[in-house]
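To start, the structure itself, in structure tokens.
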Amino acid sequence: MATRASILCLTAAALLALPCLRADEGLWLPNQFPAQTVQRKYGFLPSAEFLKHLQTAAVRFNNGGTGSFVSAEGLLFTNHHVGADCVQKLSSPGHDFIQDGFFAATPAEEKRCPDLEVNVLLNTTEVTPRVTEGVTDQTAAPEAARIRRSNIAKLEQECAAKTGNRCDVVTLFAGARFDLYEYKKYTDIRLVFAPEFALAFFGGDPENFTYPRFDLDITFFRAYENGQPVKPLDYFQFSKEGAKDGEVIFTAGNPGTTGRLMTLAQLKFLRDTDYPLRQRRLISLSDALIAWSNTSEEHRRQAQEVIFGVQNSYKANSGFLRGLGDVALMDTKLIAEVKLRKAVAANPELAAQSGKAWDELAAAYAVFRPSFVGYYLYESSPAVGSTLFGIARRVLRYAVETKKPNGERLREYSDAGLSSLEQAMYSPAPIHRDLEVEALTEYFTFLERELGSENHTLQAILKGRGPREAARSYVATSSLTDIAQRKRLAASIDAVHQSKDGMILLAELIDGPAREFRKSYEEQLESVLTRSSTRIAKARFVVSGGNDYPDATFTLRLSFGQIRGYENEDGKQVKWDTDYAALYPKVTGKAPYALPARWMKAKSILKLDTPFNFAATADIHGGNSGSATLNTKGEIVGIVFDSNLEALPNRFVYSDRQARSVHVASQGIVEALKSVYGAQSLLKELGF
């Protein structure tokens, strides 16, 4: 819950030029980092070279996380839960690397991930005039959105053709600004080290998003290019001293989405419509897959990574909902919005440009609300957990969209992003047909529960069959496990339409209504949202002086803060760190409080007072997972892997009273690699 002081600071800062800069708040663009603020507060001035170091040594993992280069030989450092998708795909019935861990003592033993991509941000360029070229205040919202999409596709294509790099146009400040991000892309990523799941996620779901914690949530990969280890532009070195209480820290990561600039109407839509549906969907899928995984050890192995992701999302959303249900938080947003609207109304020019934007946005959400369930279940998040359906949809849409002019395609099928899409579409990762049946059975069951048995699309899917019978039929009659078959179908619209492949047929049944719901979303909500939010953002710039940061967009942001404990709700002081001495008393021998045999054996040689996990005030959000935690020398003193429950409402309003980011301490990592794993070659590469 936000304190009165933080509420007053937020309200003032929403209207002024951030004179009280909310504690350590800020998901800052690399080229707009408040270095002077850090100097005033902590006595350290981050130089341009320091900030560039943070940018070029950090990497973005395309599966939704962050990492960093940590050696001159392309060694990459991230979280276990960021790397687990690859670790799972490299596993097999006889080699469960999630459960048992993995270590490649030599380069020859490193295992290539089937479909992992990492990106290094090279530079950014503002391209707002080019994106908005052809759009005027009189242009209808849907037409303006079409023009912007076409301009964006052209910009990305030009950049990719000129540089050979990945190029993405990023929407900032809800459309008030557009930047072109150029990335160096690496697609040959190989697994070097992963601890056992029991250590990476000690305490399991009960302790997820809590603190104190005892997790070794780390993984090491290596990037290759042309068959040789990459020589990165820059890399972070591990600190020899490690993390210390009160130390000033920085993170460089890729937070996914935040809602700090959202209007009250947007927040209420999330609270009352969006999150409740997502939560029903997630708990339904989690329950189904847990029940199935309990039927055999192999089923557990196949489903464990999906279950982890679903449960993690459910708990995170629960925290977001708790924040949106907090009267103090919503009052804070209301006060800030009312004051901003009054300031706009008092300025005739601003009133003419932006005065109606809030009401237009609220009306758009009201119009779209009845379509949201269909949009979410058919277009936004269909058949979660089914790899085959994801492949089938990509194959179908690839065949259709790539035959259109670049500027008229669905955005994810524009030329600039096709190579990344193809890597995922043609991934050789294993597909488990029994798991596919379970995921589809649950999806069809949920559709019936939410949309009713009379839903036309659902009736076409089931064809008089029960959900399980239909799921078995679609999976059994699909040959999309064959990559050559995927390529054959993706190359030809006719081949797709003539195909009798079960999963292609299912994708076609869903694609028609999905596109209609997407059209409704883009025309009824997204286009109005972009126009109205842009006007609100421009008004906020005028009123505040423009000294602020945009909401997160899964692009590089820099944060700062301090390693620091806090006082919990019971009035007890929570120490800044945990250590190995406090880990072992928590061990019960049963999951999620069991330790592998090697950890029990190593207790006698571990330095038990070594810091293991620690808390800090650095501003982070989902997507920051795997961000290196850096001291003022630019050295690694830890790695971000979570936040506590109190920090989840920070998605909407930042507070550091009890909210903390949670990190694995670098000295705890080094001690584990040395005393438990005997990973001498890895330690040597890290400088130890």
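Where a number appears in this text, it was derived from the coordinates with a stated rule and is not lab data. All figures in this text were calculated on a predicted structure; none of them were measured in a lab. Positions of Cβ are backbone-derived with ideal geometry, glycine not excepted, and every protein chain shown enters the neighbour counts.
Here are the numbers:
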item	result
Distance violations [Cα-Cα > 26 Å] among LYS603/LYS684; LYS244/LYS684; LYS185/LYS538; LYS89/LYS575; LYS333/LYS519	LYS185/LYS538; LYS89/LYS575; LYS333/LYS519
Sequence-distant lysines (8 or more away, or on other chains) whose Cα lies within less than 20 Å of LYS184	LYS52, LYS154, LYS162, LYS231
DSSP-assigned coil residues among trypsin sites (Lys or Arg not before Pro) in region 420-496, each with at most 12 further Cβ atoms within 10 Å	LYS463
Relative contact order %, region 119-186, counting alpha carbon pairs below 8 Å whose residues are six or more apart	46 percent
FRET efficiency estimate (nearest 0.05) - Cβ-Cβ, ALA48 to ALA429, R0 35 angstrom	0.25
Viscosity 0.692 mPa s, 37 °C: Kirkwood-radius Stokes-Einstein D of region 119-186 over Cα pairs, µm²/s	264 µm²/s
GLU225 paired with LYS519, simple spin-label distance in nm, labels 7 Å along Cα-to-beta-carbon	4.4 nm
For region 602-655: rounded, prolate or oblate by the Cα gyration tensor [a/c cutoff 1.5]	prolate
Cα pair distances in region 491-582, grouped into 10 Å bins until the bin that holds the longest one, percent each	11, 17, 18, 19, 18, 15, 3
Distance (nanometres) between label positions extended 7 Å along Cα→Cβ at THR163 and ASP609	5.0 nm
Set of aspartates and glutamates with alpha-carbon distance to LYS463 below 15 Å, sequence-local pairs under 8 removed	GLU448, GLU454, GLU508
Net length gained if the chain between ARG271 and LYS633 were fully extended (0.36 nm per residue, minus Cα distance)	126.1 nm
Length-normalised contact order for the chain - Cα pairs under 8 Å, 6+ apart - percent	26 percent
Cα-based Kirkwood hydrodynamic radius, the chain, one decimal, Å	26.3 Å
Computed [θ] at 222 nm, deg cm²/dmol, the chain (DSSP H ≥ 4; -39,500 (n - 2.57); rounded to nearest 500)	-13500 deg cm²/dmol
